[in-house]
Amino acid sequence: MEFMGYVRPDGKIGARNLVGIIPSVVCANDVAQAIVRQVRDTVGFFHHQGCCQLPPDLERVTDTLVGLGLSPNLGAVLVVSLGCEGTDHRRMVEAIAATGKPVEIIHIQELGGTSRAIQEGTDLAQKLVQKISGIQREALDISNLIMSIKCGASDATSGMASNCVIGYISDKVVDLGGTVIFGETTEFIGAEHILARRAINKEVGDKILEIVDRMEARAKSLGSDMRKGQPTPGNIEGGLSSIEEKSLGAIVKSGTRQIQGVLEYQDIISTEKGLWIKDTPGREPEILTGMACSGAQVMLFSTGRGAPQGFPCMPVIKICGNPNTFQHMQHDMDINAGRILTGEKTIEEVGEETFKLMLDTLDGRMTKNEALGYFGSIDIHTLGPVI
Amino acid sequence: MALNIALKVNDLDNVATVFVNGIEANDQVEVRDSKGNRYPITVSGPIPYGHKLAIDDIAVNSLIIKYGEEIGICSKPIKKGDHVHVHNLDSMRGRGDL
């Protein structure tokens, strides 16, 4: 089985051929935005980090921006730096250039301010877009696929329809030799012991328990117990009987295969294939960034209430478990998994239909949020205080 | 006409989830698995939309399985066709809501 992808100089395989305009700090966003508006086939990553943060967070932001720059869906990168930011813009450029990917940088302060930086950045972005625009897609084995998964704006249908569809595809991708990454550590609570049983060895199992403990400890340091009140009265009224059931309804997205390892938020996926966990929150702007930073070419996103957003350099396929929401928001939802609940289709049938749409998407077909350009709000998950 | 569907996600499950409103005692629902295999079960009492139905008899202290994993332990004898919820299922991880 094959899909049509772009082979990058370091051998990574992309499903899009875009130029990434990456601000090294929030203060550079407006210049980056002006460049993205002017130059076609560019995408901007307008996050809100990169200065006045503790050193571990600044490292994490730099690493994450490097990971985004190395996304195989980007053919070239322009870093937009202010000049005095806390992130290491030099390291960003070096790390991206080391893979053979074309990369340029501008510094707003050095160039003499906003208008001059926009002019210089526009010229450079135009040059980069032209440079990569002739690269042709090639037929590549499906084992090159790196798929990320997530659920958001969930309802009672998510755990029974759309998440089960993603679980079916996760197993299929792993069996075909590809890579699957799932996250949302907060949703492991109560079922982390079940997840740890699926780890390839004790070390990985212990790491799964550790990331849940770590996340709960952060909540406790602010006086909040994340287990308390779970499942909520509304969950119980809706039919969820235990915290295990609630968490398993999210975890079912990951399918049933062994878990190969646990990635930190800013990590790039290694060359090992199979099913992986990434320690991420559940909120869209941060998890989508974390997944794209891993190197994922595509995301399957399950929803019930109707979450519309995508990501600048990663096509996001919306699988809607609620048949009413699908009808109501059909210009945002790609797949109607609600047909499982009405008895029209089985989990496997919708799974195969979604898998086919994912292959078409990898080949270049735009998802609904891609065509709408609904991917402006992204962010990077940091841990410490802003100073 | 709408079918009375109860979904069984994993082959190991001993419960299925009902996706129809207004199910009452002695109504029949059609249990379906992920491949579309189907068989009827008669329910013993009302089961709301999104709630679970036992598809086997479940003895006290045995595991209640959904998604192929344990979602809790049986606290009162359960017969095939019974509503399964907090009245006959205990979480094994503590009830955060109590």
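The values are calculated or read from the model by the stated rules, or taken from the named source; none is laboratory data. Fair warning: this is a prediction, and the values are worked out from it, not measured in the lab. Cβ sites come from the backbone with ideal geometry, for glycine too, and all protein chains shown count toward neighbours. The area values use the complete protein model at the heavy-atom level, side chains included, leaving out ligands, DNA and RNA. Shrake-Rupley method; radii C 1.70, N 1.55, O 1.52, S 1.80 Å.
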Checking the range A:8-53 for trypsin sites (Lys or Arg not before Pro) in a loop per DSSP with at most 13 other beta-carbon atoms within 10 Å yields A:40
Just in chain B: which GluC sites (Glu not before Pro) are loop by DSSP and have at most 14 other Cβ atoms within 10 Å?
B:24
Unit Cα scatterers, Debye sum, the range A:263-364: log10 I(q)/I(0) for q = 0.10, 0.14, 0.23 Å⁻¹
-0.31, -0.60, -1.25
Over all alpha-carbon pairs in the range A:104-201, figure out the percentage whose distance exceeds 20 Å.
64
Protein accessible area in the protein assembly as shown, 1.4 Å probe - carbon and sulfur %
51
What residues qualify as long-range amide H neighbours of residue A:180, i.e. H under 5 Å apart, gap of 5 or more or another chain, H built at 1.01 Å from N?
A:147, A:274, A:275, A:276
On full extension of the chain, what length is gained from residue A:202 through residue A:217, given 0.36 nm per residue of separation minus the C-alpha to C-alpha distance?
3.2 nm
Run down the aspartates and glutamates and flag those whose C-alpha is under 16 Å from the C-alpha of residue A:246, throwing out any fewer than 8 positions away in its chain.
A:155, A:184, A:187, A:192, A:237, B:13, B:69, B:70, B:90, B:97
HN-Hα couplings for the range A:241-250 via Karplus (6.51, -1.76, 1.60; θ = phi - 60°), in whole Hz with x for Gly/Pro, come out as 9, 7, 5, 4, 5, 4, 5, 5, x, 8
Output the pairs from A:253/B:76; A:253/A:278; A:318/B:35; A:207/A:253; A:172/B:35 with a Cα-Cα distance over 25 Å in this structure; if there are none, say none.
A:253/B:76
Compute the Cα gyration tensor for the range B:5-90, then decide on rounded, prolate or oblate, letting a ≥ b ≥ c be the square roots of its eigenvalues: rounded whenever a/c is under 1.5, prolate when a/b is larger than b/c in the other cases, and oblate in all that remain.
oblate
May I ask you to evaluate 6.51 cos²θ - 1.76 cosθ + 1.60, the Karplus curve with θ = phi - 60°, for each residue of the range B:26-37 and list the ³J(HN,Hα) values in order in whole Hz, giving x for glycine and proline?
6, 5, 9, 10, 9, 7, 10, 9, 5, 8, x, 4
Principal axis lengths of the range A:142-372 from Cα atoms, whole Å, largest first?
44, 43, 29
I'd like the distance separating the alpha-carbon centroids of the range A:75-126 and the range A:1-71, in whole Å.
11
Using θ = phi - 60° and the Karplus form 6.51 cos²θ - 1.76 cosθ + 1.60, what ³J(HN,Hα) does each residue of the range A:141-154 get, whole Hz, x for Gly and Pro?
5, 4, 5, 7, 6, 10, 10, 10, 9, 6, 10, x, 6, 7
Stokes-Einstein D in µm²/s, Kirkwood radius over Cα pairs - chain A at 20 °C with 1.002 mPa s viscosity
101
quick shape note, the range A:190-286: Cα extents on principal axes in Å, largest first -> 44, 31, 28
Pick out, in residue order, every one of the trypsin sites (Lys or Arg not before Pro) in the range B:1-80 that is DSSP loop and has at most 16 other C-beta atoms within 10 Å; say none if there are none.
B:35, B:79, B:80
In whole Å, largest first, the alpha carbons of the range A:18-132 cover along the principal axes 38, 31, 19
